Amino acid sequence: MTITFIPLSLPATADAPKLARFGREVRGADPGNLNPEQFIEIRQALYEHDVLLFRDVTITPEQQYALTKFFDPESQTYGHGQNKTESNQKSILHPDLKTIPRVPQVQVIGNGTVYNHEGLAQAKLKHPSHATFHKTQISPKDEANGVTRFYRWHIDAALYDLSPPRVTTLYGVTVPRGSPQVCRYDDDTGDELPVPLGTTAFVSGKTMFDILPPELKSLAVRTKVKYAPHPYVWMAPARALPTGLGIESEGLELPLKELPPWEEARRKILPVLWKNPGTGQLHFQVHPCGAIELFVDALPEGAKREGALFPDGAHVTDLKEVRDLLYRMQRPAISPNLVYPHDWHEKDLVLFHNRGVLHSVVGALSEDQVRVFHQCNLAASDDPAGPSVEDVHNWA
C-alpha cells in the first residue's frame, strides 16, 4: 500500500501559509510494523513536516520503543536516563513520569489513577498545571469558565550529560473529552488561543528562526547556550512566566552547590540553531527554562556591523539578560497564529521532531478526567549539529 501524507487540519486561528509545510497525517502505514523502506519514507517526512499523526492505530509499548529507536539505532536509554529524574524528589519532572516496567524506555503520563496498566498495579498520574509552576495564576472563576495557560514550552531533553532525543512518540490510550478551553497568554498583549481540552501545542523551530529580524538572526546563528547542571532540579524552586516561555528572574533557582553531584564536563553547551538532517534548514531550538549562559561569537570578517548585537562576541552570564534575549527571540513564534494545538483522540499516535519543534502541555483536568498516554524518547547518540560556516556567513 502506498503511504500518503495529508496536511493536518489547522485551527481557524492559524496563519495557513506560514504553517503550510507543518504537520502531516500519515495513511497507508502501520507504525508498529514498518519495513525499512517505509521507515525511510516516514523519517524524511518527519524532517520535512516536524509532526506526523497516525489516527486510530494500535501500538504496543514494545513497538513504540522500536519505532522510536529506528530514528537512532545506537540509542537505547530514555531521554532523561533510565532512573530519570523521577528518582530525585526535587526535580520538577518527578510527578509526571511513570515507567512501564518491561519497557523502561516508555513512560506513562496523563491524569487520574489507573490500575493494572502495562504491569503497573496502580499509577497516580497528574496532568501538569500552571498553578504549580507559574508565578501568577488564573483566578478560580476564570479557570471554571475554561481559561487556561501553556504549562511550559520545552524540548524533551535532559540537558545534562545526555544528548537531546531526535524524536518523541506520543500515543493516546485514554483521552477524556470535554469543552474547549481558551489559552490566555497574560503578558499584556491580549493574545488568546482557543484550544481543545488537554491539547499538546506545537510550534516550529524553523519558523521561530525564519520570522526573526536580521539583527536577531545574526545573533542566533552566532550563539551557543550553556544549560544548568541537573536543570530540572535547579529550576524547581523558581516560577515561570505566564506564557510558559521561560522563568521569572527572581533568584529562586537552587544554588549549584546544592544540586545533586555534577561534573562541569557533563554540562551541555548547544547551539541556538540546530540543523535539520533531512532538509538542511535551521531550527531555533532552545529550552528557555534551563538556559543559564550564552556564548556569542564575533561577527565574521566582512559582515555588516551596523545594528549588530555583540559584534565583537560576548559571554553573557547575567541570568536575567540571558532570559530576556531568549524571550525576545522566541516569543514571536508562540503567537496564536503560529501554534498548532493538537486535538487528541484515543489511538492517536503523534511523532514529533524533537530537534525541530518546541511543545507545551496545555490545559487543566479534574481528578476524575482520566487521561493515559504512552511517551517515548531516547537520549541520542550525538548532539545536534549547529550552523555551518556558510550558514554563519549567510545570516550573520
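Some observations on this one:
- Total residues in the range 301-329, condition part of a loop (DSSP other than H, G, I, E, B) and either outside the structural domain of residue 235 (by TED's automatic domain parsing) or surrounded by fewer than 14 Cβ atoms within 10 Å (Cβ to Cβ) (or both): 10
- Residues being within 15 Å of residue 207 (Cβ to Cβ) and of a type in the set (Gly, Ala, Ser) - total across the range 337-380: 1
- Just so you know, in the range 300-321 the residues that are of a type in the set (A, V, I, L, M, F, W, C) and touching a residue at least 60 places away in the same chain (Cβ under 8 Å) include one that is farthest from residue 272 (Cα to Cα), and it is 303.
- Candidate set from the range 127-154 (those that are more than 22 Å from the chain's Cα centre (by Cα) and among the small types (Gly, Ala, Ser)); member that is farthest from residue 374 (Cα to Cα): 139
- Lone qualifier among 252, 294 - being more than 15 Å from residue 391 (Cβ to Cβ) and without any contact (Cβ under 8 Å) to a residue 60 or more places away in the chain: 252
- Residue 278 being closer than 17 Å to residue 357 by Cα and surrounded by fewer than 16 Cβ atoms within 10 Å (Cβ to Cβ): yes
- Selected residue (criterion: surrounded by the fewest Cβ atoms within 10 Å (Cβ to Cβ)) from residues of the range 32-58 that are acidic (Asp, Glu) and part of a helix (DSSP H, G or I): 37
- The residue pairs whose first member lies in the range 364-392 and is surrounded by fewer than 18 Cβ atoms within 10 Å (Cβ to Cβ), whose second member is assigned to a loop (DSSP other than H, G, I, E, B), and whose beta carbons are closer than 7 Å, counting only pairs six or more residues apart or on different chains, are 370/176; 381/72; 381/74; 381/75.
- Selection count where residues are buried (at least 19 other Cβ atoms within 10 Å of the Cβ) and part of a loop (DSSP other than H, G, I, E, B), scope the range 330-343: 1
To keep it simple, each residue is scored yes or no on (1) over 30 Å from residue 347 (Cα atoms); (2) crowded, with 17+ Cβ neighbours inside 10 Å.
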residue: 141; (1), (2): yes, no
residue: 164; (1), (2): no, yes
residue: 170; (1), (2): no, yes
residue: 180; (1), (2): no, no
residue: 217; (1), (2): yes, yes
residue: 220; (1), (2): yes, yes
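The values are calculated or read from the model by the stated rules, or taken from the named source; none is laboratory data. The model shown is predicted, which means the values in this text are computed figures rather than measured ones. A quick note on method: Cβ atoms are made from the backbone with ideal geometry, for glycine too, and the neighbour counts reach across all protein chains shown.
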